[in-house]
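Please read the structure below before turning to the comments.
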Amino acid sequence: MLDKANNPKPGLNDDIGEDKRLELYRLQVLLRQAEQRAYDLFLQNLVKGTSHLSLGQEAIAAGFAAAMKPGDLSFCTYRGHAHTLARGVPVEEVLGELMGRDNGLMRGKGGSMHLTSVEHGVMGSYAIIGAHLPIACGAAWRAQYKGHGDVSVCFFGDGTTNIGAFHEALNFAAVWKLPVIFVCENNHYMEYTPIGDVTAVPHPAADRASAYGLERIIVDGNDADEVYRTAMAAYAKARSGEGPSLIECITYRHSGHSRADPAKYRPEGELEKWKERDPIKIYRERLLEFGIDPDVMKGIDDGIMREVDEATETCKAAPPPPYDIIHTDVYADGGFAWRN
Amino acid sequence: MAELTYRDAVARGIAQEMSRDPDVVFLGEDVAKAGGVFKATVGLYEQFGPLRVRDTPISEQAILGAAMGAAMTGLKPIAEIMFSDFIAVCFDYIANEFPKSRYMTNGQVKCPLVVRTGNGAGSRFGAQHSQSVENWCMMIPGLKVVAPSNPRDVIGLLAAAVRDPDPVIFFEHKSLYPTKGEVPDGEIVDTLGTAKIVRPGKDATILALALMVPRAIEAADRLKTEHGIDCEVVDVRSLVPLDMQTILGSVGRTHRLFTVEENPRLCGWGAEIVSIVADEAFYDLDGPPVRITTPHIPLPSADLLEDAVLPTVDRISETVRRSLES
């Protein structure tokens with residue numbers, strides 16, 4: 001965990017610096033507005049299927065993305081819009097995929113839960129809980145074997161810590177000393193059930209770390225600076241051959257588990273309490289405190305709104321995917337033939 | 001040309017591919033220092049070293065997940081699942097991850113890997129270490145499924161599987177490991193999706209896979225000697241891609257079709273082939289296609305019971321004789 005004593009005078013020109021802080025701010029606002037727009041498009045029935053939003057959890061995606069180098073790989077869950085956007089995937093391609101349009105990131109063949117952009121290092125969003133932890137291990141194994149120097153990061157929710165693949169992957173990564181970072185976004189609810197009701201330990205990820213010889217790391221997942229610093233340390237560790245990290249980020253999702261969930265199981269006042277700790281609100285106040293001109297932030301806010309508005313209009317005007325792609329890319333020959 | 005066991009052919013096939021391509025890596029439980037529980041991978045650790053031949057914990061999800069992550073980022077992993085029954089504990093990768101990644105990502109993600117696994121009965125291991133589960137995999141779009149019956153095919157089809165850009169599930173039959181066959185010297189590379197007529201004949205077509213191939217051949221020999229019935233035996237070899245042209249060609253000549261399947265009857269591979277033949281070659285048939293399978297049961301352990309439920313040479317030859325004579 002970040003030792004605040006080592007950083008007695010946080011400010012614009014500390015270890016993070018003004019440029020990086022503005023990037024962290026911009027990323028968080030981008031994720032917020034793009035996902036808010038996805039939600040609005042649901043209400044207009046322009047986004048079909050399901051969707052799992054990260055509203056309220058933006059500091060984690062922003063903090064890690066800001067700590068990555070080009071070539072680093074991200075493995076996400078079905079709650080993966082934010083992590084995908086944070087790597088620089090255009091809003092238009094994400095919204096287009098959610099809307100089932102031909103301009104979508106995967107032309108409508110994957111949908112909200114499977115956002116993937118290999119060129120941006122987003123190696124997939126996985127909708128089976130826990131599946132991607134071992135997959136991230138494999139990508140890290142390739143980096144280790146080939147000496148490539150990149151690091152794989154794997155994001156998942158608190159509910160994932162109770163499935164077998166989590167434990168298999170943690171042990172595997174530790175034994176093989178793989179350059180992989182496991183990031184648990186503890187938003188307090190597995191789906192509809194409080195994580196504490198179904199987990200033997202108070203901290204679902206961090207309290208398991210010692211079983212795999214790993215450090216117990218808990219960070220404030222609503223503080224982008226703290227996430228960024230923790231991420232930087234984990235990347236440095238992985239790149240120096242010191243093996244995996246398991247990081248539990250404490251956060252809260254403002255929306256329900258998925259679009260079908262009004263989240264009536266929350267105790268009264270809980271959401272309001274967490275909205276006081278909204279990561280973007282926290283960050284905006286911090287930047288003001290550091291003397292950033294409010295107009296600079298307004299410029300960022302306006303630019304993002306324009307980007308999201310333009311992306312929305314482009315997607316609304318985009319055609320649906322053609323039927324002929326139904327039968328493509330089942331096999332590597334481009335088609336779906338299973339017999340002669 | 002040398003005589004080699006099916007078991008040694010596995011190691012030779014892996015070694016051939018690892019020697020050719022440094023991106024081929026191999027992982028699994030007890031596969032490295034111990035040489036595999038079936039001794040099918042002896043010597044690979046010594047030859048290729050600990051970075052390329054790696055022992056894993058008993059973590060089938062981690063094995064297949066790691067293979068996938070390595071494959072999608074540039075390696076060509078071979079993963080071993082010790083007994084094919086254990087596919088059930090890591091089926092997510094086989095059913096949901098390997099085969100759907102290319103499609104869901106509109107072709108962005110590639111998954112060129114091979115899962116080798118010990119399949120089939122005959123070792124008296126009971127219902128959880130003896131199954132033939134090739135049909136579990138055959139039904140999944142995006143996978144390829146191979147099951148060799150002899151040492152030469154082990155090497156050639158394994159090489160083809162490793163070089164294939166799609167995920168391939170490679171079923172080795174446990175009861176074939178000690179069997180021997182002639183294998184040519186030098187590199188052997190076969191073609192996926194090609195069935196092989198292993199015994200030509202004119203009176204009936206018998207399709208078989210893996211351990212059922214030598215039994216079908218022996219039954220055909222007996223039918224010829226004792227009853228003058230001349231059967232063509234086709235080793236299907238690859239369920240996906242499926243070489244229907246060879247099968248339809250054979251049925252077109254013999255006009256009768258029998259399948260010999262070790263899997264339990266429901267949804268066995270023969271059912272799909274019979275349905276295709278009924279669709280496309282119905283008027284070539286002189287009689288109903290007949291499936292010779294294990295019954296719809298979990299496998300018993302006792303030797304006499306296990307022997308009683310698998311298709312035997314006796315059952316194959318008797319079934320064919322009765323069908324042709326009726």
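Readers should treat all values here as calculations from the given coordinates under stated rules, not as data from a laboratory. Keep in mind it's a predicted model, so treat the numbers as computed, not measured. Note that each Cβ is placed from the backbone with ideal geometry, even for glycine, and that neighbours are counted across all protein chains shown.
See the values below:
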| item | result |
| --- | --- |
| Cross-link reach list, lysines versus A:K275, counting only Cα pairs under 30 Å and skipping chain neighbours closer than eight places | A:K4, A:K9, A:K20, A:K48, A:K264, A:K298 |
| Rounded to 10°, Cα long-axis angle of helix B:60-72 versus longest principal axis of chain B | 80 |
| Amide H partners (placed H, <5 Å) of B:L257, local residues excluded | B:T205, B:V290 |
| Amide H partners (placed H, <5 Å) of B:V234, local residues excluded | B:V198, B:I206, B:L207, B:A208 |
| Average partner coverage of B:71-77, which counts Cβ from other chains inside 10 Å | 6 |
| DSSP bridge orientation in chain B - percent antiparallel, rounded to nearest 5 | 20 |
| Restricting the stretch B:229-326 to GluC sites (Glu not before Pro) in coil, as DSSP defines it, with at most 10 other Cβ within 10 Å | none |
| Euclidean distance between Cα centres, the stretch B:1-32 to the stretch B:299-315, Å | 31 |
| Phi-based couplings in Hz for the stretch A:35-46 (Karplus 6.51, -1.76, 1.60; Gly and Pro marked x) | 6, 4, 5, 4, 5, 4, 5, 4, 4, 8, 6, 8 |
| Neighbour net charge for B:L223 - beta-carbon separation under 9 angstrom, K R +1, D E -1 | -1 |
| Exercise: per-residue mean of other protein chain Cβ atoms within 10 Å, B:53-62 | 6 |
| Cα shape, chain A, gyration tensor, a/c 1.5 rule | rounded |
| At R0 = 51 Å, FRET efficiency that the Cβ-Cβ distance of A:E242 and A:E270 yields, to 0.05 | 0.85 |
| Kirkwood hydrodynamic radius of the stretch B:196-325, Cα pairs, Å | 14.6 |
| Hz values of 3J(HN,Hα) by residue in the stretch B:231-238 - Karplus curve (6.51, -1.76, 1.60), Gly and Pro given as x | 9, 9, 9, 10, 7, 5, 6, 9 |
| Within the stretch A:185-230, trypsin sites (Lys or Arg not before Pro) in DSSP loop having at most 15 other beta-carbon neighbours inside 10 Å | A:R216 |
| Reachable lysines, given that their alpha-carbon falls under 27 Å from the alpha-carbon of B:K110 and they are not under 8 places away in the same chain | A:K69, A:K109, A:K146, A:K177, B:K76, B:K100, B:K144 |
| In Å, descending, principal axis extents of the Cα set of the protein assembly as shown | 98, 54, 45 |
| Quotient of C-alpha Rg and 2.2 N^0.38 Å, computed over the stretch B:2-183 | 0.95 |
| Under 5 Å, built H, 5+ apart or other chain: amide partners of A:V153 | A:L73, A:S74, A:F75, A:I181 |
| Proximal charge balance of B:N135 [Cβ under 12 Å; K/R count +1, D/E count -1] | -3 |
| Residue-averaged [θ]222 nm for the protein assembly as shown, counting only DSSP H segments that reach four residues, each worth -39500 (n - 2.57) | -12000 deg cm²/dmol |
| Nitroxide proxy distance, nm - points 7 Å out along Cα→Cβ at B:S326 and B:R124 | 3.5 |
| Separation of the B:E3 and A:V118 label points, Cα + 7 Å toward Cβ, nm | 4.7 |
| Whichever aspartates and glutamates have a C-alpha closer than 20 Å to that of B:K39, once near sequence neighbours (fewer than 8 apart) are set aside | B:E3, B:D8, B:E17, B:E29, B:D30, B:D55, B:E60, B:E80, B:D85, B:D153, B:E172, B:E182 |
| Net dipole in debye of chain B [+1 Lys, Arg Cβ; -1 Asp, Glu Cβ; about Cα centre; nearest 20] | 280 |
